[in-house]
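Report on one structure; see the data block that follows.
The values are calculated or read from the model by the stated rules, or taken from the named source; none is laboratory data. Nothing here was measured: the structure is a model prediction, and the numbers come from that model. Don't worry about glycine lacking a Cβ; one is built from the backbone with ideal geometry, like all the others, and counts go over all protein chains shown.
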């Protein structure tokens, strides 16, 4: 999984890159907030972010705010890096969309635990989004079945969305993903097989 690291301190970026690779992640580096936002707007953007709170130009708070505002980015988990004297800004970071924070200088083991927690949350959110999309597709499909269905007045064939005429049983099998079994109802049996129907009724009366 990709992890975006945005920090104007080149030594911090090098350290984080090294430990992230060791933990099996793919680090993506940004030297400031503007570069971080550019990365997040690209296809296949990272879903885990480690942002320095204080950066020149666009700081970590503004990156949080914009990432959360741009819904197309999708599920992300944001960890902010802060110094002890930045704690008031850290609270503001939570208000703008940060999920967690860690104080510099940080202990790598602690950061690893927090990143792994973020990864689990992002994976759960992504799985949930997939299920919601799947359910929405089912709902849309059912709504489509409730619309007007063109049926031939003579042979009862059905015209589907591609303007193709199909037998009703074929159309129903495709749309509902069910297997149809064929039989004959009592009224049709009486009309088309009167002798057989009469014989069955006589046998039933004799048995009673």
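Name the residues in the range 36-47 that are surrounded by fewer than 18 Cβ atoms within 10 Å (Cβ to Cβ) and part of a helix (DSSP H, G or I), would you? So that I can check it myself, show each step before the final result.
At the first step, the residues of the range 36-47 found to be surrounded by fewer than 18 Cβ atoms within 10 Å (Cβ to Cβ) are 38-39, 41-44.
Hits for the range 36-47 are 38, 39.
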Next item on the list: Among the numbered conditions (1) surrounded by fewer than 14 Cβ atoms within 10 Å (Cβ to Cβ); (2) touching a residue at least 40 places away in the same chain (Cβ under 8 Å); (3) closer than 25 Å to residue 128 by Cα, tell me where residue 56 comes up short.
Entry: (3)
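Suppose the filter is in the same structural domain as residue 111 (by TED's automatic domain parsing) and more than 21 Å from residue 98 (Cβ to Cβ); does residue 22 pass it?
Working: in the same structural domain as residue 111 (by TED's automatic domain parsing): yes; more than 21 Å from residue 98 (Cβ to Cβ): yes.
Considered against the rule, which asks whether it is in the same structural domain as residue 111 (by TED's automatic domain parsing) and more than 21 Å from residue 98 (Cβ to Cβ), residue 22 comes out as yes.
Taking only the range 1-18 into account, find how many residues are part of a helix (DSSP H, G or I) and buried (at least 16 other Cβ atoms within 10 Å of the Cβ). Quick ask: steps written out before the conclusion?
Going through the range 1-18, the residues part of a helix (DSSP H, G or I) turn out to be 10-18.
Then keep just the ones that are buried (at least 16 other Cβ atoms within 10 Å of the Cβ); that gives 12-13, 15-17.
Result for the range 1-18: 5.
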Note to self: Being under 22 Å from the mean Cα position of the chain (by Cα) and farther than 17 Å from residue 3 by Cβ narrows it down to one residue among 66, 119; which is it?
What the structure shows: 66
Check: Mind checking whether some residue in the range 140-157 is modelled with pLDDT under 80 and surrounded by 13 or more Cβ atoms within 10 Å (Cβ to Cβ)?
Finding: yes
Notebook entry, point to check: From the list 113, 67, 50, which residue is surrounded by 14 or more Cβ atoms within 10 Å (Cβ to Cβ), in the same structural domain as residue 16 (by TED's automatic domain parsing), without any contact (Cβ under 8 Å) to a residue 60 or more places away in the chain and not in a loop (DSSP other than H, G, I, E, B)?
Noted result: 67
Note to self: So, in the range 162-188, how many residues would count as being touching a helix residue (DSSP H, G or I) at 6+ places or on another chain (Cβ under 9 Å) and at pLDDT below 75?
What the structure shows: 6
